[in-house]
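These notes concern the structure reproduced below.
The values are calculated or read from the model by the stated rules, or taken from the named source; none is laboratory data. On a predicted model such as this, the values are computed, not experimentally measured, just so you know. Cβ atoms come from the backbone with ideal geometry, glycine included; neighbour counts cover every protein chain shown.
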Amino acid sequence: QVQLVESGGGLVQAGDSLRLSCAASRETFTTYAMGWFRQAPEKEREFVAATSWSSGRTSIADFVKGRFTISRDNVKNTVWLQMNSLKPEDTAVYYCVAGVNIALMESGALASWGQGTQVTVSS
């Protein structure tokens, strides 16, 4: 099982940017699709973004498309979520996730979850 550790969350103002990082513990990171989910207070967890193991394909949720991008480095075993033009509704705990492929990840079928990092956007 891949161990995932997120970092980079914090308190920002609307319109600011943040970059979340996720470090994976195993070399098999290169065989997993990686991505991000988020959970806002009193809401269900929702898919945000994912990238295939080769970075040849990515998927971004419509509600963040054009503002968020996902990238990964298989040498550093790290995946990033660049979040621009943040809005108060982006406030949530963001979870780094690993899965077999993007399609399964989008449906919530995941192999591993990180502990989450809090992102708070003030208006």
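Some points to look at:
- In segment 1-33, residue surrounded by the most Cβ atoms within 10 Å (Cβ to Cβ) [restricted to those that are charged (D, E, K, R) and in a strand (DSSP E or B)]: Glu6
- Within segment 5-21, restricting attention to residues that are at pLDDT 95 or above and of a type in the set (A, V, I, L, M, F, W, C), the residue that is farthest from Thr78 (Cα to Cα) is Ala14.
- Filtered by the rule that a residue be of a type in the set (Gly, Ala, Ser), at negative phi and more than 11 Å from the chain's Cα centre (by Cα), segment 11-35 gives Ala14, Ser17, Ala23, Ala24, Ser25, Ala33.
- Residue count for segment 84-104 satisfying the condition of being more than 18 Å from Val5 (Cα to Cα) and of a type in the set (A, V, I, L, M): 5.
The rows are residues; the columns are (1) of a type in the set (Phe, Trp, Tyr); (2) in contact with a strand residue (DSSP E or B) (Cβ under 6 Å, 6 or more places away or on another chain); (3) under 18 Å from Ser122 (Cα atoms).
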{"residue": "Val5", "(1), (2), (3)": "no, yes, no"}
{"residue": "Gly10", "(1), (2), (3)": "no, no, yes"}
{"residue": "Ser25", "(1), (2), (3)": "no, no, no"}
{"residue": "Tyr32", "(1), (2), (3)": "yes, yes, no"}
{"residue": "Glu44", "(1), (2), (3)": "no, no, no"}
